[in-house]
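Enquirer: Before we start, here is the structure in question, set down as structure tokens.
Read-outs: derived from the displayed coordinates by stated rules, not from any lab. Computed from a prediction, not measured in an experiment: that's the story for all the values here. So basically every Cβ, Gly included, is an ideal-geometry build from the backbone, and we count neighbours across all protein chains shown.
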Amino acid sequence: MKKNTDRKKRVAIVGSQGVPPQYGGFETLVDNIVDHKDPSYVEYTVFCSKPDMKTDLSDYRGCRLRYVDIHAHGVMSVPYDMVSMLKAVRGYDAILVLGVSGCVFLPLIRLLTRARLIVNIDGLEHKRDKWNRLAQRFLKLSLDSCVRWAHEIVSDNRGIQNYVRKNYNRDARLIAYGGDHALRNVSVRRQRAILDFYGLTPGGYDLSICRIEPENNCHTTLEAYADSSRAIAIVGNWHHSDYSRALYTRYKDLPNIRLILPVYDLDILYALRNNMHMYVHGHRAGGTNPSLVEAMFFGKPILAFDVVYNRETTENKAYYYSDKDSLFRLIAREDLDGSGTTETARREYVWKKIAQQYESLY
């Protein structure tokens with residue numbers, strides 16, 4: 001798409017915790033679209049949570065950082081997003097909103113700004129098990145408001161895109177999530193040292209990286225591997241909730257299971273992924289899950305929970321399970337191949353392409 005370069009587009013990004021990234025998918029998205037931006041066309045400002053960030057930078061990767069003195073997660077994400085949007089109503093050509101938490105306020109924002117409002121709706125938050133019924137109703141209201149009032153809606157998965165079309169009769173732009181940032185230049189010696197630290201051997205373990213929540217079927221993964229002789233390492237927030245702590249207590253002493261606390265160092269994650277035998281992805285909610293896309297770049301078989309989002313992300317080239325028994329049967333197989341998902345990843349999930357797709361919306 002030919003861009004109008006008479007003046008740089010000034011774009012505010014709200015809804016992430018901030019950059020440099022130290023949390024999850026939206027933060028990695030922001031990090032990479034600002035890193036791969038066309039500097040002659042777009043000028044980014046990223047709104048960050050002051051209490052959540054470990055740094056106090058004024059600029060990063062050529063974009064400006066502005067801080068909001070509110071936590072970015074849980075119930076506080078609603079006021080955080082609202083205040084961020086209010087601070088962005090003047091001086092910007094477009095506001096890119098990540099997530100629907102604060103979108104109940106979009107009618108007000110539309111009145112206050114001439115900026116183009118673009119919302120990445122992420123997954124279907126109102127269907128996530130971790131929210132109580134009141135929170136689910138609020139998030140559904142926010143999604144309704146988003147679809148009605150946003151100038152553009154972005155979906156990172158065709159399953160979410162189809163949901164919006166079916167339930168709201170509106171088209172969402174399909175822009176995927178990138179994963180090529182997971183590829184690193186880490187020496188074999190360094191990789192071996194990392195594996196030794198975690199008690200792992202090259203090719204001798206499977207891997208899963210996720211938040212330890214029921215909707216990610218962590219219990220299913222652990223139950224299947226507890227009955228198997230295969231080894232698995234699961235990286236996640238094991239001390240976050242009653243659910244995660246109970247699983248940690250139950251399975252931490254099994255010899256074939258390694259329960260690893262969260263890792264954000266990309267070199268360490270590269271070593272874990274590059275030396276795994278297979279990758280297990282238990283997510284059943286959301287759109288294109290970042291951890292799945294990142295794993296697809298390593299040429300290893302992917303075992304994914306059988307929902308439309310995972311099938312769309314992998315183009316039906318992974319192996320799918322629906323319960324403990326079907327996962328157990330996949331674990332036991334030795335004929336699985338990961339080359340198909342890697343081809344998809346290299347074609348669809350590269351950040352340079354994705355950054356350009358976002359710029360086409362401004």
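Enquirer: Out of all DSSP beta bridges with both ends in the stretch 9-175, state the antiparallel percent to the nearest 5.
Expert: Of all bridge pairs located within the stretch 9-175, approximately 10 percent are antiparallel.
Enquirer: Further, regarding this structure: Cut-off 10 angstrom, C-alpha nodes, Gaussian network model of the chain. Which of K252, K324, K50 fluctuates the most?
Expert: Of the options given, K252 has the highest mean-square fluctuation.
Enquirer: With only alpha-carbon atoms in the gyration tensor, what are the semi-axes of the equivalent ellipsoid for the stretch 130-197, in Å, largest first? Show your work: numbers first, answer last.
Expert: Details: eigenvalues 310, 66, 17 Å².
Gyration-tensor ellipsoid for the stretch 130-197: 39, 18, 9 Å.
Enquirer: From the phi angles alone, apply the Karplus equation (6.51, -1.76, 1.60; θ = phi - 60°) to the stretch 228-238 and give each ³J(HN,Hα) in whole Hz, x where the residue is Gly or Pro.
Expert: 10, 8, 6, 9, 9, 10, 10, 9, x, 8, 6
Enquirer: Write down the percent of antiparallel bridges among all DSSP beta bridges whose residues are both part of the chain, to the nearest 5. Spell out each step's value before the answer.
Expert: Numbers: 2 of 41 bridges.
DSSP beta bridges in the chain are roughly 5 percent antiparallel.
Enquirer: Could you give the spread of the C-alpha atoms of the stretch 9-175 along their three principal axes, from largest to smallest, in whole angstroms?
Expert: Cα extents, longest axis first: 40, 32, 30 Å.
Enquirer: On to the next question. What residues qualify as long-range amide H neighbours of A233, i.e. H under 5 Å apart, gap of 5 or more or another chain, H built at 1.01 Å from N?
Expert: Under 5 Å from the amide H of A233 lie the amide H atoms of D206, L207, S208, R258, each far enough along the sequence or on another chain.
Enquirer: For a quick check: with amide H placed at 1.01 Å from N, whose amide H comes under 5 Å from R66's, ignoring anything fewer than 5 positions away on the same chain?
Expert: Hits under the 5 Å cutoff: V46, F47, C48.
Enquirer: Further, regarding this structure: Please report, in cubic angstrom per residue, the volume enclosed by the convex hull of the alpha-carbon atoms of the chain.
Expert: Dividing the Cα hull volume of the chain by its residues yields 138 Å³.
Enquirer: Name the residue farthest towards the positive end of the dipole of the stretch 207-261 from the options S244, S208, L261, assuming +1 on Cβ of Lys and Arg, -1 on Cβ of Asp and Glu, about the Cα centre.
Expert: Final value for the positive-end residue is L261.
Enquirer: Which Cys residues of the chain have no other Cys Cβ less than 4.7 Å away and so no disulfide-compatible partner by this rule?
Expert: Taking the Cβ cut-off of 4.7 Å, the unpaired cysteines of the chain are C48, C63, C210, C218.
Enquirer: Taking Cα atoms, how many degrees apart are the long axis of helix 77-87 and the longest axis of the chain, rounded to 10 and kept between 0 and 90?
Expert: Long axis of 77-87 versus the principal axis of the chain: about 30 degrees.
Enquirer: Quick one: which residues, 5 or more positions from Y321 or on another chain, have an amide H under 5 Å from its amide H? H modelled 1.01 Å from N in the peptide plane, none for Pro or chain starts.
Expert: Close amide H contacts, sequence-distant or interchain: A304, F305, D306.
Enquirer: Now, a different point. May I ask for the angle, rounded to the nearest 10°, between helix 339-348 and the longest principal axis of the chain, with both axes built from Cα atoms and the value confined to 0 to 90°?
Expert: 10 degrees
Enquirer: Quote the relative contact order of the chain in percent (integer), defining contacts as alpha-carbon pairs under 8 Å separated by 6+ residues.
Expert: 16 percent
Enquirer: Another question about this same structure. About its Cα centre, what dipole magnitude does the chain give when the only charges are +1 on Lys and Arg Cβ and -1 on Asp and Glu Cβ, stated in debye to the nearest 20?
Expert: On the way: 51 positive and 42 negative charges, 210 e Å.
Taking the Cα centre of the chain as origin, the dipole is about 1000 debye.
Enquirer: For the stretch 71-116, what log10 I(q)/I(0) values come out of the Debye formula at q = 0.21, 0.26 1/Å, with one point per alpha carbon and no solvent?
Expert: -0.64, -0.93
Enquirer: To continue, here is another question. Per-residue ellipticity at 222 nm for the chain, helices alone: DSSP H runs ≥ 4 residues times -39500 (n - 2.57), over residue total, nearest 500 deg cm²/dmol?
Expert: Values: 14 runs with 137 residues, N = 362.
Value at 222 nm, helices only: -11000 deg cm²/dmol.
Enquirer: With 10 Å bins from zero, work out the P(r) of the stretch 184-348 over every alpha carbon pair and list the percent per bin.
Expert: 10, 42, 39, 9, 0
Enquirer: Would you mind working out the magnitude of the charge dipole of the stretch 221-309 relative to its Cα centre, with +1 at each Lys and Arg C-beta and -1 at each Asp and Glu C-beta, to the nearest 20 Debye?
Expert: On the way: 8 positive and 8 negative charges, 19 e Å.
Rounded to the nearest 20 debye, it is 100 debye.
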